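Only one structure is covered here, and it is reproduced in the block below.
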Amino acid sequence: MNRPLLVFDMDGVLAEVGDSYRAAIAATVLHFTSREPSRDAIQDYKNSGGWNNDWELSQQLCRDFGVEVPFDAVVAEFNRLFLGDNFNGLILRERWAPRDGLLERLGGRFQLAIFTGRPLDDAAHTLRRFAPDVLFSPIVTMESVTNHKPAPDGLKLIMAGAPGAALTYVGDTVDDARSARAAGVPFIGIAAQPATAALLGAEGAIAVLGDINEIEGVLPA
């Protein structure tokens with residue numbers, strides 16, 4: 001029988017992205033509109049659901065500030081800021097959330113996997129940088145599925161590759177919780193803010209933690 005799977009989202013779960021992805025959203029909007037959305041405003045969009053894609057959210061924020069920007073232009077500017085030249089942009093500001101030894105201990109009990117909305121290159125770079133010796137399999141990214149979160153397609157893809165295995169998904173957004181619910185998968189939320197924690201609880205999370213390092217306390221022995 002297949003080992004149980006513990007599936008992680010990346011942003012806000014494994015990687016702290018306030019100074020990377022979230023900063024790239026704000027800087028992209030500032031570039032096109034001369035107005036900069038606050039972190040709280042960006043979080044409000046995330047909490048409303050449907051904004052898992054940061055490029056789409058950046059375009060919508062521009063629109064809400066009264067500036068219509070072609071999607072391709074938004075993507076190009078966002079990537080220029082976030083990736084820079086050969087990953088020397090805002091992505092360098094990311095911080096790895098799991099403390100030393102956590103993933104290794106979890107890997108002794110679970111098959112570790114990733115389901116993220118990141119593009120594969122972005123995800124692979126962060127994993128090489130922070131966790132080169134941790135085995136995540138499979139790694140489901142933006143390119144892996146046609147329908148993205150809150151659709152359950154990524155989780156269903158993982159389930160199809162491990163028939164009969166128990167699966168738990170760990171995420172930090174309403175879209176993560178809805179994806180898990182649609183797939184019939186238990187969901188553990190990560191939320192530092194009380195409002196977000198309450199939302200994840202309302203979306204059916206079996207537990208909501210302040211950060212990933214608390215997860216061993218809520219997993220089955």
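The values are calculated or read from the model by the stated rules, or taken from the named source; none is laboratory data. The structure presented is a predicted model; accordingly, all values stated were derived computationally and were not measured. Neighbour counts are summed over all protein chains in view; Cβ atoms, including those assigned to glycine, are modelled from backbone coordinates with ideal geometry.
Of L127, L92, L106, L112, which residue is over 16 Å from L6 (Cβ atoms), modelled with pLDDT of 95 or more and not polar (S, T, N, Q)?
On inspection, the qualifying residue turns out to be L92.
Kindly provide the set of residues from the range 72-95 that are in a loop (DSSP other than H, G, I, E, B) and either surrounded by fewer than 19 Cβ atoms within 10 Å (Cβ to Cβ) or out of contact with any strand residue (DSSP E or B) (no Cβ under 9 Å at 6 or more places or on another chain) (or both), ordered by number.
Scanning the range 72-95 gives G84, D85, N86, F87, N88, G89.
Just wondering, is there one or more residues in the range 6-19 that are surrounded by 14 or more Cβ atoms within 10 Å (Cβ to Cβ), at pLDDT 95 or above and part of a helix (DSSP H, G or I)?
No, every residue in the range 6-19 fails to be surrounded by 14 or more Cβ atoms within 10 Å (Cβ to Cβ), at pLDDT 95 or above and part of a helix (DSSP H, G or I).
Failed condition for S48, given (1) free of Cβ contacts under 8 Å to residues at least 60 places away in the same chain; (2) touching a helix residue (DSSP H, G or I) at 6+ places or on another chain (Cβ under 8 Å), with all others met?
Condition not satisfied by S48: (1).
Restricting to the range 31-67, count the residues that are within 24 Å of L199 (Cβ to Cβ), outside any helix (DSSP H, G or I) and hydroxyl-bearing (S, T, Y).
1
Can you tell me which of (1) outside the structural domain of R129 (by TED's automatic domain parsing); (2) in contact with a strand residue (DSSP E or B) (Cβ under 6 Å, 6 or more places away or on another chain); (3) of a type in the set (D, E, K, R) is the one D9 doesn't meet?
(1)
Might you let me know whether the range 129-140 holds any residue that is part of a strand (DSSP E or B) and more than 27 Å from I42 (Cα to Cα)?
No.
Among the numbered criteria (1) more than 16 Å from the chain's Cα centre (by Cα); (2) farther than 21 Å from A160 by Cα; (3) surrounded by 13 or more Cβ atoms within 10 Å (Cβ to Cβ); (4) not basic (K, R), which single criterion is violated by L209?
(1)
Scanning for something under 19 Å from L6 (Cβ atoms), part of a loop (DSSP other than H, G, I, E, B), touching a residue at least 24 places away in the same chain (Cβ under 8 Å) and not small (G, A, S), does the range 188-202 turn up at least one residue?
Step one: of the range 188-202, the residues under 19 Å from L6 (Cβ atoms) are 188-191, 200.
If we keep only those that are part of a loop (DSSP other than H, G, I, E, B) as well, we get 191.
Going one step further and asking which of them are touching a residue at least 24 places away in the same chain (Cβ under 8 Å), we end up with none.
No, the conditions are met nowhere in the range 188-202.
Look through the range 69-117, keep the residues that are of a type in the set (F, W, Y) and under 19 Å from the mean Cα position of the chain (by Cα), and return whichever of them is nearest to N52 (Cα to Cα).
The initial filter retains those residues of the range 69-117 that are of a type in the set (F, W, Y), namely 71, 78, 82, 87, 96, 110, 115.
Checking the rest, the ones that are also under 19 Å from the mean Cα position of the chain (by Cα) come to 78, 82, 87, 96, 115.
Numbers: F78: 15, F82: 16, F87: 22, W96: 20, F115: 12 Å.
Selected residue: F115.
What tally of residues in the range 118-143 results from selecting those that are within 22 Å of N53 (Cβ to Cβ) and not hydrophobic (A, V, I, L, M, F, W, C)?
Qualifying residue count, the range 118-143: 9.
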